[in-house]
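S.K.: Please read through the structure below; I'll follow up with questions.
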Amino acid sequence: MISRRRETVIGAGVVLLGAAVLAFAYGASSRASVPGYELVARFNKADGIALGSDVRLAGVSVGKVVGQSLDDRFRAVIRFRVEADLQVPDDSAALILTDGLLGSKFIALQPGADDTTMKPGEELRYTQDSMNVQDLLEMIIAQGKAKRAGKPQSGAAQ
């Protein structure tokens with residue numbers, strides 16, 4: 001009898017602790033909005049980019065992805081916020097890169113040389129889509145096959 005009561009109390013404690021952890025995590029994520037201003041970038045392929053993905057400049061996190069949608073041509077429209085004091089030149093580019101070989105994806109900003117800077121809500125004109133490992137390997141194999149087909153094999157009778 002005491003054993004069952006003890007198990008019930010421990011089980012209830014675990015459930016309450018789990019609920020408290022979830023509540024804390026939800027509260028922390030809703031407060032983690034990035035102050036600053038919003039920019040937009042369009043990509044043909046935005047694999048691996050999700051809400052909360054990092055936006056980096058020279059490897060330093062300067063913002064977060066805050067929205068995703070599709071335009072009328074089925075391209076990914078990514079909205080992200082960057083720090084308020086960050087002045088992004090008008091001719092800057094947004095690239096989707098991977099953290100290492102199998103790491104998470106992020107948006108890398110490459111600043112341009114223009115003297116005028118982007119205003120809140122403006123769209124970056126230059127983008128580079130994400131590349132996944134499978135696509136990269138297929139490209140390498142295709143290039144290898146093409147080179148092989150163009151050269152005579154060694155040791156072949158002529």
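The values are calculated or read from the model by the stated rules, or taken from the named source; none is laboratory data. Worth saying up front: this structure is predicted, and the values here are computed from it rather than measured. Backbone-built Cβ (ideal geometry, glycine too); neighbour counts: all protein chains shown. The protein model used for the area step is the full one, side chains on, heavy atoms only, and it has no ligands, DNA or RNA in it. Shrake-Rupley method; radii C 1.70, N 1.55, O 1.52, S 1.80 Å.
S.K.: How large is the accessible surface per residue of the chain, computed with a 1.4 Å probe and reported in Å² as a whole number?
M.R.: That works out to 71 Å² per residue.
S.K.: Take Q134 and S69, extend 7 Å from each Cα along the Cα→Cβ direction, and tell me the distance between the two endpoints in nm.
M.R.: Spacing of the two 7 Å Cα→Cβ label points: 3.0 nm.
S.K.: Put +1 on the Cβ of every Lys and Arg and -1 on every Asp and Glu Cβ in the chain; which of Q143, A19, V82 then has its Cα farthest towards the positive end of the dipole?
M.R.: A19
S.K.: Here's a follow-up. Name the trypsin sites (Lys or Arg not before Pro) in the stretch 59-133 that are in a loop by DSSP and that have at most 11 other C-beta atoms within 10 Å, would you?
M.R.: Loop-located and lightly packed - R73.
S.K.: On to the next question. Return the carbon/sulfur percentage of the accessible area of the chain, one whole number, probe 1.4 Å, all protein chains in place.
M.R.: 59
S.K.: Which of V133, V88, V55 ends up with the largest GNM mean-square fluctuation for the chain, with Cα atoms connected below 10 Å?
M.R.: Between V133, V88, V55, it is V133 that shows the largest mean-square fluctuation.
S.K.: Shifting gears a bit: Taking Cα pairs under 8 Å and at least six residues apart, what relative contact order does the stretch 74-158 come out at, in percent?
M.R.: 28
S.K.: Between T116, T127, T98, which gets the highest mean-square fluctuation from a Gaussian network model of the chain, Cα cutoff 10 Å?
M.R.: Largest GNM mean-square fluctuation: T116.
S.K.: When we measure straight from the Cα of K105, which lysines land under 24 angstrom away, once same-chain ones fewer than 8 places off are left out?
M.R.: Partners found: K45, K64.
S.K.: Just how large is the dipole of the chain about the Cα centre, in debye to the nearest 20, putting +1 at every Lys and Arg Cβ and -1 at every Asp and Glu Cβ?
M.R.: 900
S.K.: Between the stretch 39-59 and the stretch 75-144, what's the alpha-carbon centroid distance in Å?
M.R.: 6
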